[in-house]
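Heads up, the thing below is written out as structure tokens.
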Amino acid sequence: MPRYLTTPIYYVNDKPHIGHAYTTLAVDVLARWYRLAGEEVFFLTGTDEHGQKVERAAAAAGLPPQQFCDEVSQAFRDLTTTMGFSNDAFIRTTEPRHHAACQALWRRLEANGHIYLGHYEGWYAVRDEAFYAEDELTERDGVKYAPSGAPVAWVKEPSYFFRLSAWADKLLSLYESRPDFILPLGRRNEVLSFVKAGLQDLSISRTSFSWGVKVPDDPSHVMYVWLDALTNYLTAVGYPNDPTALWPAELHMVGKDILRFHAIYWPAFLMAADLPPPRRIFAHGWWTNEGQKISKSLGNVIDPVALVEEFGLDPVRYFLLREVPFGQDGDFSRRSLTLRLNAELADAFGNLANRTLSLLQRNSDAMLPGEVPPDSLWVEHVSGLAAKVAQALDVQQFHIALEHIFAAIRAANVHITEQAPWALKKTDPARGLAVLRGLHDALRVFATVLTPFMPTTMAAMLDQLGVPDDARTLAALATPLPAGLALPPPAPLFAKRELPA
Ligand code: MSP
């Protein structure tokens, strides 16, 4: 069965920024890694287009909601190209198949006795599209705010409810029986204490606006946008017609701000509809920009398109997953991006490749020398590398995977300096060639395991290494390349940049 991996679907109230690119990038690297390992993947992303927040944004732009959604959704689709994402599908919640899936799920929940009609009265934050209890709020200048900083307003209207209160025990046993259902563990504990404190029934419909999926048989209600949005993960795999082919999802990647919806509401909805919960939900941290919270009002939103234009796509992809332990918050700075590009990509890795390949041109007539005897010290760093990377990526620890790779690159740099193959040409040419062959083998491993992180540059490096197309998989690393393989002239792949002040 293919590995089904998802990103959140993005609100179309505003154009994409670096935070959105980050969540999808993480899934893209996993998807590319598993494909490299020869596995089948279904990688889904898309846009979340209903609800009051989007309805208001459309009104502010002076456009009919559908037209507004079409435009902003296209910007998110374009981002997948800008960032080199390899998603297999792109879902929009305004598609008719999604309305049908939501209504089918609703009917199933209703038939199973989990929905009742009542009256909602309480606090709601349109920015978060979330309900809050009084004791979660703080007050400033007469305005009440949710913990996220979003202002809340009092809502009073007829509403359908989902009997969430009945699911606390079942959720707790789900978390207990599957310790890696929510990662990282710190976040899992937050969810656990929230559920242990008791759950209230959830309002799942609204009557005060109309931009949403209509409740079956009661069209004066539209569904709560989170019930609608979460259902996208089912719609995309054919629900209600073919629900079992890809379900359950292997991984929902989300930001920490939307963990509660994914780890509490979603498994409860699914279990109530007799469907299995996903296998894992991973909540990553948030980026700040040069130490400041990223926000439109502060005017410091990082535009991924401009960033990629300035630094190049692969350095940006690399930096985002290298800089911060995945799961924690992190700070974006142009200085750290430049430092890593210069020191790690251009110097440590790029120079290693360039020196090795240039020496092979000169000392080996641009041909790959024979197989290297596995006696050199750094072979231990390289041979088990793919397995170590796989282990780290299986638990979404991108920074650990990259740390393993760069430890091996550092070892290879120590090796080339110690062995000085440039000098061996005169003193011991056979050994000189063996050293270069060993370095070539190592570079092939590095470029292969880095392909999911930096697909374009690593494809160029594999070209320079002369690796045939059909040998660019993890499995192919076990087979040495034939001696005599022609090596094209090398060119540097990473350009250093001036450090910003
Ligand atoms: N539409 C909902 C998700 C529904 S999923 C069924 C939503 N959309 S969002 O556009 O507001 O955010 C989507 C993702 O972007 C979240 O995972 C969020 O954490 C991420 N980020 C938004 N700003 C971010 C940062 N500054 N840093 C890192 N990620 C951030 O929520």
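Per-residue Cβ neighbour counts within 10 Å put VAL305, VAL414, VAL191 in the sequence VAL414, VAL305, VAL191, beginning with the fewest.
Give the lysines whose C-alpha is closer than 23 Å to that of LYS256, dropping any in the same chain fewer than 8 places away, or say none. The qualifying lysines are LYS15, LYS53, LYS144, LYS170, LYS196, LYS293, LYS296. When the alpha carbon coordinates of segment 334-478 are projected onto the principal axes, the ranges are 46, 36, 27 Å, largest first. Can you check how the C-alpha radius of gyration of the chain compares to 2.2 N^0.38 Å, as a plain ratio? The chain yields a ratio of 1.11. Oblate is the label for segment 22-118, because a/c, from the alpha-carbon gyration tensor with a ≥ b ≥ c as root eigenvalues, is 1.5 or above and a/b does not exceed b/c.
Take every pair of alpha-carbon atoms less than 8 Å apart whose residues are at least six positions apart; their mean separation over the length of the chain yields a relative contact order of 16 percent. Packing here is the average count of other Cβ atoms within 10 Å per residue, and on that basis the peptides 21-29, 452-460, 139-147, highest first, run 21-29, 452-460, 139-147. Give the angle, between 0 and 90 degrees and rounded to the nearest 10, that separates the Cα long axis of helix 398-419 from the longest principal axis of the Cα atoms of the chain. The angle comes out near 10 degrees. For LYS144, the residues whose modelled amide H falls within less than 5 Å of its own, excluding neighbours fewer than 5 places apart on the same chain, are VAL152. Between the Cα long axis of helix 18-36 and the first principal axis of the chain there is an angle of about 60°, rounded to the nearest 10.
Computed about the Cα centre, the dipole magnitude for the chain is approximately 740 debye when only Lys and Arg (+1) and Asp and Glu (-1) carry charge, each at its Cβ. Using θ = phi - 60° in the Karplus curve 6.51 cos²θ - 1.76 cosθ + 1.60, the 3J(HN,Hα) couplings for segment 54-66 round to 5, 4, 5, 5, 5, 4, 5, 7, x, 10, x, x, 5 Hz; x is entered for Gly and Pro.
May I ask for the distance between the Cα centers of segment 272-349 and segment 1-23, given as a whole number of Å? Segment 272-349 and segment 1-23 have Cα centres spaced 13 Å from each other.
Note on segment 80-121 and segment 129-185: Cα centroid distance 19 Å, given to the nearest whole angstrom.
No value in this document is a laboratory result; all are computed from the given coordinates. Please read these numbers as outputs of a predicted model, since none were measured by experiment. Note: ideal-geometry Cβ built from the backbone for every residue, glycine included; neighbour counts use all protein chains shown.
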